[in-house]
Amino acid sequence: MGTKKTKKFSPCYCLRIRLATGVVTEYYDRILAPSGVTVNQFAVLFNISRHEGCSVKQLADISEHDSSTLARNLKPLYRDGLIADTKEPGSRNSRLKLTPAGQKTLEAANPLWNKAQESLSKKLGQENLKTLEKLLVSLSDL
């Protein structure tokens, strides 16, 4: 008869949160895989679609990312033709927009993201989700 192996967790809250974040990110990435984007790329596409014409700096502020993290997430989206910079010639200010391929990718990814959200919601339950949301807000105020 097999016994279930008990996981041992670090007493360090930071490490435990990072581990949980990694697991959740991998889960979303697996669900989103058929769309060809990761959860981080999905979030960037989503934010650009909601704030079309925003600059990279504005997008960083909107998405609460630092510029270097955002730049890493933008590179494959530019490379794959999912976003374009529509800045005026001679202007230093970028103006981001989704390309038709980017819009199509976002439309394909959205129901997959909804599936991941619903699945996580069912796994945690409504009470735990409410508690998690409160805890996340508290942590963001550190």
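Sum -39500 (n - 2.57) across every DSSP H segment of at least 4 residues in the chain, then divide by the residue count to get the 222 nm mean residue ellipticity, nearest 500. Provide the component values of the computation, followed by the final result.
Values: 6 runs with 93 residues, N = 142.
It comes out at -21500 deg cm²/dmol, rounded to the nearest 500.
Once both axes come from the Cα atoms, what is the angle between helix 100-124 and the longest principal axis of the chain, in degrees from 0 to 90, rounded to 10?
20 degrees
If I stretch the segment between A108 and Y27 completely, what's the gain in nm (0.36 nm per residue apart, minus their alpha carbon distance), one decimal?
On the way: separation 81, 0.36 × 81 = 29.16 nm, distance 1.73 nm.
Residue separation times 0.36 nm, minus the Cα-Cα distance, leaves 27.4 nm.
Positive end of the dipole of the chain, charges at C-beta (+1 Lys, Arg; -1 Asp, Glu), about the Cα centre: which of A71, N114, C54 has its Cα farthest in that direction?
N114
If you stretched the chain out fully between E52 and D85, how much longer would it get, using 0.36 nm times the residue separation minus the C-alpha to C-alpha distance?
Numbers: separation 33, 0.36 × 33 = 11.88 nm, distance 1.04 nm.
Going from the current span to full extension adds 10.8 nm.
Relative to the longest principal axis of the C-alpha atoms of the chain, give the angle of the C-alpha long axis of helix 126-140, reported between 0 and 90° and rounded to the nearest 10°.
Its long axis makes an angle of about 60 degrees.
How much length would be gained if the chain were fully extended between F9 and E118, taking 0.36 nm per residue of separation minus their Cα-Cα distance, in nm to one decimal? Write out the running numbers ahead of the final one.
Values: separation 109, 0.36 × 109 = 39.24 nm, distance 2.67 nm.
That works out to 36.6 nm of additional length.
In whole Hz, what ³J(HN,Hα) sequence does the range 89-97 give by Karplus (6.51, -1.76, 1.60; θ = phi - 60°), x for Gly and Pro?
x, x, 8, 8, 7, 6, 9, 8, 8
Would you indicate which of (1) 1.26; (2) 1.93; (3) 0.96 is the value of Cα Rg over 2.2 N^0.38 Å derived from the coordinates of this structure?
Given (1) 1.26; (2) 1.93; (3) 0.96, the structure-derived one carries the label (1).
For the range 1-138, what is the relative contact order in percent, using Cα pairs closer than 8 Å and at least 6 residues apart in sequence?
24 percent
In the chain, how many lysine pairs have Cα atoms under 25 Å apart, counting only pairs 8 or more places apart or on different chains?
Step by step, the pairs that qualify in the chain add up to 24.
Every read-out reported here was derived from the displayed coordinates using simple, explicitly stated rules and does not represent laboratory data. Remember, predicted model here, so these are calculated numbers, not experimental data. Cβ coordinates were reconstructed from backbone atoms using ideal geometry, including for glycine residues, and neighbour counts include every protein chain displayed.
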